[in-house]
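Participant: To start, I am sharing the structure in question, which I have written as structure tokens.
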Amino acid sequence: MSTESQSSESNLLPLIVESEQLQEHLDDPQLLIIDVPVNGDSYRQGHVPGAIFLDFRYLMRGEGPVPSDVPSVEALSRLFSALGLTRDTHVVAYDDEGGGWAARLLWTLDLIGHTRYSYLNGGIHAWRDAGLEESTEPTAPTPSEYHAEFLNPQALITCDEIKEKLDDRQFAVWDARSKDEYDGLRGNNKHLGHIPGAVNMDWLHAMDRNRALRIRDYAELITELGALGLTPDMEIATHCQSHHRSSFTWLVGKALGFNMRGYAGSWGEWGNRDDTPIEKQ
């Protein structure tokens, strides 16, 4: 039996968990529910009972030439110790915007080899849509001593790796930005456009706006991604401007059974270097 199947069998909840499923497990001591909202007021206005608040800025390095890069192992050790993560914890992440920052947290967990995690499909919008009880009382984490290591470096792909793989037919790039950014019509970078050969599906297109921002129908997504040239047998790098939107597309691809890798530097790095090839529409 593979390690992956062992870890998935021991998981408390599936990768993508629905609100009603999560509600049944709220009292489980192994569960650590983390709210990573874009709007800080969202948590105060109402959150899943027992959820703790995380400022999304802790999920990025925040300094240097690539501020969207992964924090150091020391910073991640401090962060996950403060959140109370242990090897046995099952993390459920959600946010108030359809999955970007929640998925960045899960991608970071994947990178450090913590495989017990789930995404609350649709986040707080879906929880409210299901008519479930919310809390306005903040929950304080129970600190732990967590020592982070990059145990699964394959979750990450670097700028140089992408450059080396551009001619590989089994490799593809999913650009999760808006069409205007992809076409080079909009952006705040030194160079505008997209990675040569990259295909564009805006991260918002993977959400169902009629179902409280839950992930769209899997069969439809697989068909649409296939039409763009993205298939489960390929190695797929995904990026946006700061690996926030593309953390969600990483998660969606993973849920669909694709071989996904996240480019943390994203266009903030690629579009500001002078040694990266760029196409425009």
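The values are calculated or read from the model by the stated rules, or taken from the named source; none is laboratory data. Quantities reported herein were computed from a predicted structural model and do not represent experimental measurements. In this analysis, Cβ positions are derived from the backbone assuming ideal geometry, glycine residues included, and neighbour counts consider all displayed protein chains. For the accessible areas, the whole protein counts, side chains as well, though only heavy atoms, and no ligand, DNA or RNA atoms are used. Shrake-Rupley method; radii C 1.70, N 1.55, O 1.52, S 1.80 Å.
Participant: Of all residues in the range 147-171, which are β-branched (Val, Ile, Thr), within 18 Å of LEU230 (Cα to Cα) and assigned to a loop (DSSP other than H, G, I, E, B)?
Facilitator: ILE157
Participant: Can you tell me how many residues within the range 241-281 are among the charged types (D, E, K, R), farther than 16 Å from GLU164 by Cα and in a strand (DSSP E or B)?
Facilitator: Count: 1.
Participant: Would you please name the residue that is surrounded by the fewest Cβ atoms within 10 Å (Cβ to Cβ), looking only at residues in the range 203-228 that are β-branched (Val, Ile, Thr) and part of a helix (DSSP H, G or I)? Talk me through it step by step, then tell me what you get.
Facilitator: Just the residues of the range 203-228 that are β-branched (Val, Ile, Thr), to begin with: 215, 222-223.
Then keep just the ones that are part of a helix (DSSP H, G or I); that gives 222-223.
Values: ILE222: 16, THR223: 10.
Among those residues, the one meeting the criterion is THR223.
Participant: Related question: Name the single residue, out of those in the range 134-189 being among the polar types (S, T, N, Q) and touching a residue at least 60 places away in the same chain (Cβ under 8 Å), that is most open to solvent (accessible area, probe 1.4 Å). Break it down into steps so the answer makes sense when it comes.
Facilitator: First, the residues of the range 134-189 that are among the polar types (S, T, N, Q): 135-136, 139, 142, 144, 152, 154, 158, 170, 178, 188-189.
Now drop any that are not touching a residue at least 60 places away in the same chain (Cβ under 8 Å), which leaves 135-136, 139, 144, 154, 158, 170, 189.
Numbers: SER135: 25, THR136: 85, THR139: 48, SER144: 28, GLN154: 110, THR158: 59, GLN170: 91, ASN189: 23 Å².
Checking each candidate, the answer is GLN154.
Participant: Looking at the range 255-281, I want the residues that are of a type in the set (Lys, Arg) and have a partner that is at pLDDT below 95 and open to solvent by less than 20 Å² (accessible area, probe 1.4 Å) with Cβ atoms under 8 Å, at least 6 apart or on another chain. Which pairs are those?
Facilitator: none
Participant: Do the conditions hold for THR231, that is, is it open to solvent by less than 60 Å² (accessible area, probe 1.4 Å), in contact (Cβ under 8 Å) with a residue 60 or more places away in the chain and either assigned to a loop (DSSP other than H, G, I, E, B) or not small (Gly, Ala, Ser) (or both)? Explain how you work it out, then say what you get.
Facilitator: Values: open to solvent by less than 60 Å² (accessible area, probe 1.4 Å): yes; in contact (Cβ under 8 Å) with a residue 60 or more places away in the chain: no; either assigned to a loop (DSSP other than H, G, I, E, B) or not small (Gly, Ala, Ser) (or both): yes.
For THR231, the condition - open to solvent by less than 60 Å² (accessible area, probe 1.4 Å), in contact (Cβ under 8 Å) with a residue 60 or more places away in the chain and either assigned to a loop (DSSP other than H, G, I, E, B) or not small (Gly, Ala, Ser) (or both) - is not met.
Participant: I'd like to know if the range 42-50 contains one or more residues that are surrounded by 21 or more Cβ atoms within 10 Å (Cβ to Cβ) and not in a helix (DSSP H, G or I).
Facilitator: Yes, that holds for at least one residue.
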